[in-house]
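Reading through the structure tokens given below for one structure.
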Amino acid sequence: MRRSSAVFTLLIIVLAIYWSFHSLMPTYKSDQSIEKTAFSTDRALEHVKQVSLKPHGVGFPAHQEVREYIVAQLENMGLETSIQEGYTAGDWGNLSKAINVLARIKGSESGKALLLLSHYDSSTHSSFGASDAGSGVATILEGIRAFLASNPSPKNDIIILITDAEELGLNGADLFVKEHPWKKNVGLVLNFEARGSGGPGYMLIETNRGNSNLIKEFTKANPKYPVANSLAYSIYKMLPNDTDLTVFREDGDIEGFNFAFIDDHFDYHTAKDTYERLDKNTMAHQGSYLMPLLQHFSNTDLTNLKSLNDSIYFNVPFFNLISYPFEWIWPMFGLAVLCFVILLIFGFKRKKLNTIEVGKGFLPMLIALAINSLIGYFSWTVLKWMYPAYKDILHGFTYNGHTYIFAFVFISLAVCFWAYNRFKKVDTANLLVAPIFLWLIICGLTSHFLSGASFFIIPVFALIATFMVLINQKMPNPYLLTFLGVPALFIFSPFIKMFPVGLGLKMMIATTIFVTLTFLLLLPVFGFYKKKKRLAYISLILFFGCMISAHFNSGFDKDNAKPTSLLYVLDADTNKAQWATYENTLSDWTTQYLDNSKKAPEQLSDNTISSKYSSNFTYVTDAPEKEITPMRVEKTRDTIVGNNRLLEICITPERNINRLEVFTNTTIESAKVNSVKLSDYFLENRRGGRLITHYVSNNEYTDLQLSIPKDSVLELTIYEASNDLLSNTQFTIPARPENNIPMPFILNDAILVTKTVRFE
């Protein structure tokens, strides 16, 4: 390949990669003065600003303020609002009093209703909730305003449901689905969520059956920037992350669409989830989903969305969403195999292929895959060893995480170019047999085990087409080969970034493997490059450049603050108090009370209050005893009925608290908490003996009604927490410095009182 052709094809490849990301979402432009009938990102952002002024988790003062703001906005549109309130424990044993906000736009026909869904509570206790899910609330408020301004007369009712206590266990959605009379009329749900503060909103389908009809109707609605693929949902279903929409699907058999963005994951559930850090392009993208879908589904028959058939779907630039039936999976795979076999026979007959050369072609491929797999697998372990403070970023995506993704992309490319440079004397057509063979194996396995990924066969067809060109032409047109490689770049480039962003840097192996596999799809182009060794060196230099940049940004500052934690733990049984932390690398702020010389004892670390990532206390230090009044525990009933012992126990706080957690290893036959029955499944699968977590509103009591075997002795270990350590007058805890934030996903800034009670 001539030098100029190599340069221009490389530029085309870079441009295609750029476009694969740039085309995913709209570019924000100030639109405050846009016509009233259109969705305005600026007007939506004003809602985000108002609902994210303060942390507003359940039980916090601003929680009510945000609810009242939402009600006022809906009523300003002329809608009649209602409140649904009640206790629920969901499926996770997380009890809270949820207070949902509802409104309804009447349709002209009596069919099923379209429900718009998001939640208004922020994560406890320090998150401002701008993205999660102030962005969702704002999208719905602005979307409904624009919809009403156009004076439509929809055929279907439109229900607006802004749920409460989503962060605690999807409690508001659980309350609506199980108890609200409007639930039986819901035909489809559009749910707006966030797991970061930027990036494109991914569309994920929730259905108990096939997705075929949902995909057809989504395509008819024609949102301009669909970002969706059937692989993402296949993976989503495997993860323990649920949204409110999951409750509608599992408990109500109601289909729906999730729209959630995941980039800038480091802001998720933290004090940095603020209005200022929310990507405006992302808000524009959420609006670009809602408006066409609202117009379409408010006038579409929602009774025919269920289907027994599934579709493969994926998005690519210029074509938006492409879909085809699952029934095509095996015929397409069979066609690809057949074409490959025919070309192999043809190539050997024309002596364009040589058995020894083809065999050699497997070596650079396997070398590159092996090395890059090892690099990706051990990358996060090595990074945590080099920078121990990364362990305190519990979701595993660091502030400089994007730089690390670039770094490992470049080191993977360096390995690929180096490996294939070692075999540069092997003809490209012979080199190509191994990648096609590998990709056909991958497509066969995904077709059987992970059908949602079956669209991987599309770029493989392009690869087979280049194989045909190479067999028939000695000097093929490099631009034709590059053009045939573009589908691979459009499809796989976003995956290279998505996995470590959404699942943490521990998933860097997905990046290094996808880079390698994509390189193989572009091998018809790269195989003709004469300067592969130079490209390997350039990639290696870029790797070190990114690692150096990441190093200089590995510390913490005002914008990229270190997660820190501090608790005061009082054992009410022994009157012994301790300072405790979840930090692995102690901050200067925390070392005022703790040092790393005394690790938390096993009993305290293993039997602590529950947390999202099963984090335990790391260090403890003796603390002065303060006058903290523990909870009052009263037995109000204790009787034998048949083979069961029935107990009623009331736990009443003697101070202002936010959370109460009860553990017991006693067998529990059945249980009610504040008259809410805990599911038998939960009782049978309790982790660590946890019976209930009560997120307390208005300092309310916790009433337990338990049935245990009649000869059993009931022992309860009770954890009572208040998030007022920094404001309690008995303490003089200084404010965190600007480069610290409260650690999310755990109990933090809390006074924790533990007490064990036995009922013989």
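The numbers here are math on the coordinates, done by the rules we state, and not lab data. What you see is a predicted model, and the numbers here were worked out from it, not measured in a lab. Note that each Cβ is placed from the backbone with ideal geometry, even for glycine, and that neighbours are counted across all protein chains shown.
Pairs to check: K576/K612; K216/K677; K183/K216; K598/K710. Give those whose C-alpha atoms are more than 32 Å from each other in this structure.
Exceeds cut-off: K216/K677; K598/K710.
Quick one: of K635/K755; K272/K562; K106/K155; K272/K506; K272/K497, which pairs are farther than 20 Å apart, Cα to Cα?
From the list (K635/K755; K272/K562; K106/K155; K272/K506; K272/K497), the Cα-Cα distance tops 20 Å for K272/K506; K272/K497.
Can you order the peptides 613-622, 121-130 by their average number of other Cβ atoms within 10 Å per residue, highest first?
121-130, 613-622
Could you line up H296, H269 from fewest to most neighbouring Cβ atoms inside 10 Å?
By the 10 Å Cβ count, ascending, the order reads H296, H269.
Share of antiparallel DSSP beta bridges in the chain, in percent to the nearest 5?
75
Give me the net charge for the shell around F682: Cβ to Cβ below 11 angstrom, other residues only, Lys and Arg +1, Asp and Glu -1.
With Lys, Arg at +1 and Asp, Glu at -1, the net is +1.
Using Cα-Cα distances under 8 Å and only pairs 6 or more residues apart, what relative contact order does the range 234-369 have, in percent?
Worked out over the range 234-369, it gives 10 percent.
How high is the relative contact order of the chain, in percent, with contacts defined as C-alpha pairs under 8 Å that are six or more residues apart?
13
Report the paramagnetic label zone for S110: residues of the range 283-310 whose backbone N is under 19 Å from a point 7 Å from Cα along the Cα-to-Cβ axis.
299-304
Can you list the aspartates and glutamates whose alpha carbon sits under 20 Å from that of K425, skipping same-chain ones fewer than 8 residues off?
Candidates past the 8-residue exclusion: E357.
Taking amide H positions as placed 1.01 Å from N in the peptide plane, with prolines and chain starts having none, which residues 5 or more places from R659, or on another chain, fall under 5 Å of its amide H?
Result for R659 returns V696, A721.
Of D174, D595, D91, how do they rank once you tally other Cβ atoms within 10 Å and put the fewest first?
Least to most surrounded, the residues fall as D595, D91, D174.
How much length is gained if the chain between F378 and E634 is pulled fully straight, taking 0.36 nm per residue apart and subtracting their Cα-Cα distance, in nm to one decimal?
Roughly 86.9 nm would be gained on extension.
For every other residue with a beta carbon closer than 10 angstrom to the beta carbon of L726, add +1 if it is Lys or Arg and -1 if Asp or Glu, then tell me the sum.
Charge balance near L726 sits at -1.
Give me the extension gain from L450 to K36: residue separation times 0.36 nm, minus the current Cα-Cα distance, reported in nm with one decimal.
Answer, rounded to one decimal: 144.5 nm.
To make sure I understand, if each residue's beta carbon is the centre and we count other beta carbons within 10 Å, what order do L148, L117 fall in, fewest to most?
Fewest-to-most Cβ neighbours within 10 Å comes out as L148, L117.
Compute, for the range 26-134, the length of the dipole vector about the Cα centre, with Cβ point charges of +1 (Lys, Arg) and -1 (Asp, Glu) only. Units Debye, rounded to 20.
The dipole of the range 26-134 has a size of about 60 debye.
Within the range 375-407, list the residues whose amide N lies under 11 Å from a label point set 7 Å along Cα→Cβ of N560.
What the label zone holds, given the 11 Å backbone N cut-off, is 398-404.
Mind giving me the FRET efficiency for F8 and T585? R0 is 35 Å, r the Cβ-Cβ distance, nearest 0.05 is fine.
Efficiency, from the Cβ-Cβ distance: 0.15.
Expected output is a single nm value to one decimal: the length gained when fully extending between Q295 and D571, i.e. 0.36 nm times separation in residues minus the C-alpha distance. What is it?
Extra length available between Q295 and D571 comes to 93.6 nm.
Which FRET efficiency value, to the nearest 0.05, is calculated for I541 and K425 with the Förster distance at 30 angstrom and r the Cβ-Cβ distance?
It comes to 0.70.
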